[in-house]
1. Where does helix 59-68 land angle-wise versus the long Cα axis of the chain, in degrees 0 to 90, nearest 10?
2. So which of 54/253; 111/309; 111/301; 42/214; 46/111; 85/160 end up more than 29 Å apart, counting from Cα to Cα?
3. Accessible area of the chain with a 1.4 Å probe: how many percent of it is carbon plus sulfur?
4. Nearest 10 degrees is fine. How inclined is helix 75-95 to the longest principal axis of the chain, computing both from alpha carbons?
5. When the helices in the chain are scored as -39500 (n - 2.57) per DSSP H run of 4 or longer and the sum is shared across all residues, what 222 nm value do you end up with, to the nearest 500 deg cm²/dmol?
6. Could you give me the ³J(HN,Hα) list for region 182-191, computed from phi with Karplus coefficients 6.51, -1.76, 1.60 and θ = phi - 60°, whole Hz, x at Gly and Pro?
7. For residue 321 and residue 309, compute 0.36 nm times the residue count separating them, minus their Cα-Cα distance, and round to one decimal in nm.
8. What do you get for Rg/Rh of the chain when both radii come from the Cα atoms and Rh is the Kirkwood radius?
Amino acid sequence: MTATTALNEQKTATEQYSVTPPAIGFDDFHPTQDSLLQEVLKGLAKEQKTIPPKFFYDANGSKLFDEITQLTEYYPTRTEIELIKTHRQEMARYIGSSIELIELGSGSSLKVQLLLEGLKPSIYIPVDISREHLLESCQRLAEYFPEIYIHAVCADYSSKLELPDLSNGNRKVVFFPGSSIGNFEPQAAANLLENVATLVGQGGGLLIGVDLQKDHAVLNSAYNDGKGVTAAFNLNLLNRINSETGADFNLDKFSHKAFYNSQEERIEMHLVSNKEQQINVNGSNFKFCKGESIHTENSYKYSVQSFQKLAASVGFKPVKTWVDPQSYFSIHYLEMFTADG
Ligand code: AVJ
């Protein structure tokens, strides 16, 4: 199942380094290859059609997401980066040394780069579903930090958290930035945190970025940007499904919709059908009424207390929480300690 490969051996002649590159490990769990079609067929058969947001991140989707993070309206990324820059020494002191650092959804690994300068873990294990993005980022990171062993894992962390055990007795700390936890329904979020708890074990840590509840106008404009990048990101999902499953979605016949649902304390994103239409996905037909939507994302917003309560439900004790001056975003450091530990 898992092929451990020295990445460097896979590089073609034109890509080769002029100096010996640092060695990188790589495990590929081949996520989504057959599950995209399955999950699309399953999701479109529901009363409220849905497609899980993890499928946003093909190469083009990852690029669009990076663009979102640069938008004026989209405050989470820059606020979280500011928090890390301001508090990273303190974060490193709380986290401690000689650790195995595991990042879930590492993307371009830009945030961890800020941490690594002070943190100096023995090993860094980025886990991401987007293979090209993951490998590119690791190559870049390995050149910056030749003293840290980097072992990339291409996997869907939401379905399982089976990682190669390379910890060598080091404490494990999971880094889960970007408020990606917000994509999970409260029960699924608890299950994910429970998997993280099992992964890091007694005395292990979790450094996690969590977007906060705030003025609804600020939330709504963060997901309805003026340049339409979020709309393109949402619609790209249909493009991806077309190219990977042979579906026949016409992107002109769907519109982006995002709004804060205050009852559920979440942003919802939908793709709304502009007219009555039929879509064929790999031989199955799905009827859309005019105005009917595919629910593509939830982005739950927490308070510091509501997140701590969620984390406590699986045994994580809050150690320190950092919040920006506007109280837009939070970063929590928590540890697993059971009563007898
Ligand atoms: C990566 C899940 C944190 O919910 O803000 C950004 C994804 N969707 N704009 C978020 C997203 C639309 C993002 N997360």
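1. So the inclination is approximately 80 degrees.
2. 42/214; 46/111; 85/160
3. 49
4. Tilt relative to the chain: about 20 degrees.
5. One gets -10500 deg cm²/dmol as the mean residue ellipticity at 222 nm.
6. 3J(HN,Hα) across region 182-191, in whole Hz: x, 6, 9, 4, x, 5, 5, 5, 5, 5.
7. Net length gain for the segment: 3.0 nm.
8. Rg divided by Rh gives 0.97.
The values are calculated or read from the model by the stated rules, or taken from the named source; none is laboratory data. Given the structure is predicted, the values throughout are model-derived calculations rather than measurements. Cβ coordinates were reconstructed from backbone atoms using ideal geometry, including for glycine residues, and neighbour counts include every protein chain displayed. These area figures cover heavy atoms from the full protein model, side chains too; ligands, DNA and RNA do not enter into them. Shrake-Rupley method; radii C 1.70, N 1.55, O 1.52, S 1.80 Å.
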